[in-house]
1. Applying the selection to segment 136-145, what residues are more than 10 Å from SER111 (Cβ to Cβ) and either of a type in the set (S, T, N, Q) or buried (at least 16 other Cβ atoms within 10 Å of the Cβ) (or both)?
2. As an exercise: evaluate GLU67 against (1) modelled with pLDDT under 90; (2) of a type in the set (D, E, K, R); (3) within 15 Å of ARG216 (Cα to Cα) and give the number of the one condition it does not meet.
3. When only residues in segment 81-129 that are touching a Phe, Trp or Tyr at 6+ places or on another chain (Cβ under 8 Å) and among the β-branched types (Val, Ile, Thr) count, which is farthest from TYR10 (Cα to Cα)?
4. Any chance you could count how many residues in segment 66-87 are within 18 Å of the chain's Cα centre (by Cα) and among the charged types (D, E, K, R)?
5. Taking the conditions exactly as written (in contact with a Cys (Cβ under 7 Å, 6 or more places away or on another chain) and not small (Gly, Ala, Ser)), does LYS112 satisfy them or not?
6. Which residues, taken from segment 12-37, are outside any strand (DSSP E or B), at pLDDT below 95 and either on the phi > 0 side of the Ramachandran plot or of a type outside the set (S, T, N, Q) (or both)?
7. What is the one condition in (1) under 15 Å from the mean Cα position of the chain (by Cα); (2) at positive phi; (3) surrounded by fewer than 17 Cβ atoms within 10 Å (Cβ to Cβ) that PHE116 does not satisfy?
8. Within the set of pairs 6+ apart or on separate chains, which have a first residue in segment 32-51 that is touching a residue at least 24 places away in the same chain (Cβ under 8 Å) and more than 18 Å from PRO72 (Cα to Cα), a second that is in a strand (DSSP E or B) and among the charged types (D, E, K, R), and C-beta atoms under 6 Å apart?
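The values are calculated or read from the model by the stated rules, or taken from the named source; none is laboratory data. Keep in mind it's a predicted model, so treat the numbers as computed, not measured. Cβ atoms come from the backbone with ideal geometry, glycine included; neighbour counts cover every protein chain shown.
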Amino acid sequence: MVILLLLSLYYVDQPYLISPGHGDFDIQLRFGPTGEILGFFNVSIWNRFSAGISYGASNLIGAGNPEFYEIPGVQARIVAIEEGMAIPQVMIAFDNQGYGGYDDGRYLIMSKGLYFQIGKRFGYTGVEFIPSIGLNYCFEDENRLDAFTGLRTVFGNTSALNIEYSPNFGDELDQDKGYLNISLQIIFYDEIFFEFALRDLLDNSPGNLQLNRMIRVGYASSF
C-alpha cells in the first residue's frame, strides 16, 4: 500500500489507525470552515511509534482578525498490538488538536485527548476496507469520555472513501445528534493526496456551521 495511506492521520476528523514504519513522515494542510487553516507534521521515530505537531488558526482566510490557537497540537501514537491474521491492531495515542474556534478552554470540535483504538484491514480484489472503533478521554471543557468509529475504503492506489461518526457525548454546544462526516481522497504519484470532505451531515453543529466543507492536501514519504 502507498505510504500516505499508512500515515494519513485521520479519516476526516477522527483518528485513523496508522501503522508507522521507521522513517515515514507526512506533511498536511487542512482548510476548514470559518477560514480555518491547520498544518500537521508527523514522523515515525521508530517502528510502531509516531509523533507529530500541528498548529493553525481560525478566520485566517477572509475578513476580520485571525484567531491563532493558544498552543500547538501534539500527536503521539503507539501500536500496542500489531495486526495479525486473526488479531486486530490496537493503538494507544494522544492528540490535543481540535477544530474550529478556541474559546473558554476548548475547541468548537473538541480534541480526542487520550484514546484507545482497535481495528483491522480486510482486503478483496483491488479494494481494502479499514474499519476501527475507539474510546477517548478529552481534557477540554472539564474533561469527558467519548467514542468514535471510522471506515476507510481504499481503491487500489488511486483513491479512498472515508466515513466516520462520533456521538460527541456531553457537549453542551451541540444538538445531541453526533458528528457524521464523509470524504473522498484522491492519490497522485503514491505520495500526494487531495481530499474533499462534507462534515456534520446530521446538522449537529451550532449556528451556521451545519453541513460544512473541508479540504486537505498532504505529502508522505520516508527517509
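1. Scanning segment 136-145 gives ASN143, ARG144.
2. The number of the failed condition is (3).
3. VAL127
4. Selection size over segment 66-87: 1.
5. So LYS112 fits the description; yes.
6. Answer for segment 12-37, where residues must be outside any strand (DSSP E or B), at pLDDT below 95 and either on the phi > 0 side of the Ramachandran plot or of a type outside the set (S, T, N, Q) (or both): TYR16, LEU17, ILE18, PRO20, GLY21, HIS22, GLY23, PRO33, THR34, GLY35.
7. (2)
8. That search, which allows pairs on different chains as well, returns SER44/ASP24.
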